[in-house]
Amino acid sequence: MNPMPTRWNARHQRWDTAARGRAVLADPRLNKGTAFTRDERQALDLVGLLPPQVLTIEQQSSRAYAQFRAQPDDLAKHVNLTALHDRNEVLFYRLVSEHLDEMLPIVYTPTVGTAIERYSSQYRKPRGVYLSVDAPEDAERSLRATGLGPDEVDLIVATDGEAILGIGDWGVGGINISVGKLAVYTAAGGIDPARTLPVVLDVGTNRKELLDDPLYLGNRHPRVDRETYDAFVQTYVDTATRLFPSALLHWEDFGPDNARRILARYRDKMLTFNDDVQGTGAVNLAAVLSGVRASGTSLREHRVVIFGAGTAGVGIADQLRDALITDGLTPGEATRRIWCLARHGLLTDDTTGMRDFQAPYARTADEVADWARDPKVGGIALAEVVHRVEPTILIGTSGQGSAFTGPVVREMAASARRPIILPMSNPTPLAEATPADLLAWTDGRALVATGSPFAPVSHDGTTHQIGQANNALIFPGLSLGAIVARATRITDGMLTAAAHAVAAQVDPTDPGAPLLPPTRQLRETSAAVATAVARSAAHDGVARATIGDEIENQVRAAMWQPNYRPVQAI
Ligand SMILES: NC(=O)C1=CN([C@@H]2O[C@H](COP(=O)(O)OP(=O)(O)OC[C@H]3O[C@@H](n4cnc5c(N)ncnc54)[C@H](O)[C@@H]3O)[C@@H](O)[C@H]2O)C=CC1
Ligand SMILES: CC(=O)C(=O)O
Ligand SMILES: [Mg+2]
């Protein structure tokens, strides 16, 4: 039997396959179900394996939508969409693209968080590649088993499942964040799904509940030591880049130390980025730029408090510092405009256990010697920081639901005319505050965007649309731009360009306007981001493709569309 029975034929824009009958229906890339034409049914031995009527994709999509709507809750909707994804990939993307607003929260945050927590009990089918630290020698075999050749992978999303959204360590269930991010990549960014791979690096889990669960599907041992871990990550990187030399390596939801260490190790050597550090930094910058514009001020006038100085929080700090420098401050001045808090309050240079990437933002102990300490926190709490700093921008990346309380926000609003407040933690219950509360506490003056989706809020006759400050506004366009430019690196310039392109999609000066473009426009936003990123790649000297005036058309032409392609029997 031909070991590679199915190949994408780029010249003829069709699938060529040696598969027949049930094997065709079982391949979600090929399967069109009831939309197979009569000729295809003949050629592919499907006659009698399908009911006789031939439907259009529009008919199939409306039927699938009705089935989706009939599900009793969000997890059931997730299971329903996953089953469709496993059956018929084009129809899945057609449906999700047609209902992005309604379905993104199901395939992505917040419901993907629940699906990850229940991974082993809800398991139906494998998806992606499971690499085990207990058998690193199998990495090559496993990646080869995808059947994809060296020129057939554009993008790999990998997680080790240690810091999923704000819900922590979920071991092998983390595969679903790689799958969810890739669903956003395709539905929102037009990345060809057949050219992507979701990966989980299964290095164990420290969650006792999983280790004790007889149904747990991952490696049943604690996370491995750093040396073993680093060697395994290196094996993954070496193998993935050798087998798929043009693939972009996306890192998702790693614990803070590993996230930073991995990024520092590889970012100048290959095409790679960490979404939580860099994608989040860029979407936050977009929201801040919009908020600053809406408030009629300039960025360099602002003071920023970041509550939750981990992977996302310090990634945000780094991009804001660079933006403040671009706006005219010295590096020292820019850094001192940012106050970061972690588990034990404000970071100061005598904070014990401070991480190296947090250190640049630590205040001197002298500077805060007479600030009140909160024994419950073990340091200087948010309320005292807000009281002393009078911030104009407050960002939440702590994973601590409801941490922005009425008194804290009212105090901020007493000195800031248009307080910019961005509770970015996911999933929804972990948001540091709800938009409704923030607008009520600030008499409608707050400029708000949140990590997970929130409904519009009516306050005093104005309806406030709530932008979703989620890296989903960045990563699809960032990677699409990098792929179209055939970039060799993701540079800081490309991230800044992505942030500005997102901010340029909205006019936040209208009363109640969102700070960020809505989810339903994600494809347009991603096209604008990709165009800006490709130009920036050329500017930074990392583009191998020629980037000219036609780049926007090139980006749009490169976007995969959820339409059936011919399937040719070979
Ligand atoms: N909207 C978006 O696009 C993104 C949002 N996030 C969200 O940000 C949150 C954090 O994620 P990561 O940075 O990956 O986690 P992390 O574990 O790296 O960072 C969390 C930080 O919060 C701090 N923290 C914990 N409890 C605290 C408390 N009571 N007071 C002050 N600080 C506290 C920790 O010390 C740590 O520095 C998650 O909820 C995640 O969903 C992360 C990435 C993207
Ligand atoms: C959005 C995202 O990447 C996170 O919450 O981790
Ligand atoms: Mg993440």
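So, restricting to strands (runs of 3 or more DSSP E) that lie completely within the range 415-494, which ones have at least 1 residues that are surrounded by fewer than 24 Cβ atoms within 10 Å (Cβ to Cβ) and among the hydroxyl-bearing types (S, T, Y)? First the steps, then the outcome.
Numbers: elements: 420-423, 447-450, 457-459, 462-464.
The strands (runs of 3 or more DSSP E) meeting that bar are 457-459, 462-464.
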G328 passes all but one of (1) more than 16 Å from ligand 2 (Cβ to nearest atom); (2) open to solvent by 30 Å² or more (accessible area, probe 1.4 Å); (3) assigned to a helix (DSSP H, G or I); (4) not acidic (D, E); which number fails?
(3)
Can you pull out every residue in the range 344-366 that is under 19 Å from L382 (Cβ atoms), part of a loop (DSSP other than H, G, I, E, B) and hydrophobic (A, V, I, L, M, F, W, C)?
L347, M354, A362, A365
Whichever residue in the range 261-295 is among the aliphatic types (A, V, I, L, M) and away from ligand 2 (no atom under 16 Å from the Cβ) and, among such residues, is surrounded by the most Cβ atoms within 10 Å (Cβ to Cβ):
V288
Is it the case that the range 308-324 has a residue that's open to solvent by 30 Å² or more (accessible area, probe 1.4 Å), more than 15 Å from ligand 1 (Cβ to nearest atom) and charged (D, E, K, R)?
yes
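A quick yes/no check of all residues on (1) part of a helix (DSSP H, G or I); (2) within 16 Å of ligand 3 (Cβ to nearest atom); (3) modelled with pLDDT of 95 or more:
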residue	(1), (2), (3)
I306	no, no, yes
G313	yes, yes, yes
R321	yes, no, yes
G332	yes, no, yes
K376	no, no, yes
Here's a check for you: in the range 402-436, which residue that is touching a Leu at 6+ places or on another chain (Cβ under 6 Å) and closer than 23 Å to G180 by Cα is farthest from ligand 3 (Cβ to nearest atom)?
P427
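Out of the residues in the range 222-232 that are without any contact (Cβ under 8 Å) to a residue 40 or more places away in the chain and open to solvent by less than 80 Å² (accessible area, probe 1.4 Å), which is farthest from the chain's Cα centre (by Cα)? Full working, then the answer.
First, pick out the residues of the range 222-232 that are without any contact (Cβ under 8 Å) to a residue 40 or more places away in the chain: 222, 225-227, 230.
From what's left, open to solvent by less than 80 Å² (accessible area, probe 1.4 Å): 222, 230.
Values: P222: 26, D230: 23 Å.
The extreme case among them is P222.
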The correct count of residues that are within 27 Å of V529 (Cα to Cα) and either touching a Gly at 6+ places or on another chain (Cβ under 7 Å) or open to solvent by less than 10 Å² (accessible area, probe 1.4 Å) (or both) in the range 189-210 is 6
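Among the listed residues T159, T82, T114, T146, identify the single one that is at pLDDT 95 or above, closer than 30 Å to G255 by Cα and buried (at least 23 other Cβ atoms within 10 Å of the Cβ).
Details: T82 fails: buried (at least 23 other Cβ atoms within 10 Å of the Cβ); T114 fails: buried (at least 23 other Cβ atoms within 10 Å of the Cβ); T146 fails: buried (at least 23 other Cβ atoms within 10 Å of the Cβ).
Every option except T159 fails the conditions.
Which of the residues that make up the range 273-304 are within 16 Å of ligand 3 (Cβ to nearest atom) and without any contact (Cβ under 8 Å) to a residue 60 or more places away in the chain?
Let us first name the residues in the range 273-304 that are within 16 Å of ligand 3 (Cβ to nearest atom), namely 273-284.
Listed by number, the residues that qualify are N274, V277.
The values are calculated or read from the model by the stated rules, or taken from the named source; none is laboratory data. Everything quoted here is computed from the prediction, not taken from an experiment. For neighbour counting, all protein chains shown are included, and Cβ atoms are generated from backbone atoms with ideal geometry for every residue, glycine included. Protein only, heavy atoms only, side chains kept; ligands, DNA and RNA dropped before computing areas. Shrake-Rupley method; radii C 1.70, N 1.55, O 1.52, S 1.80 Å.
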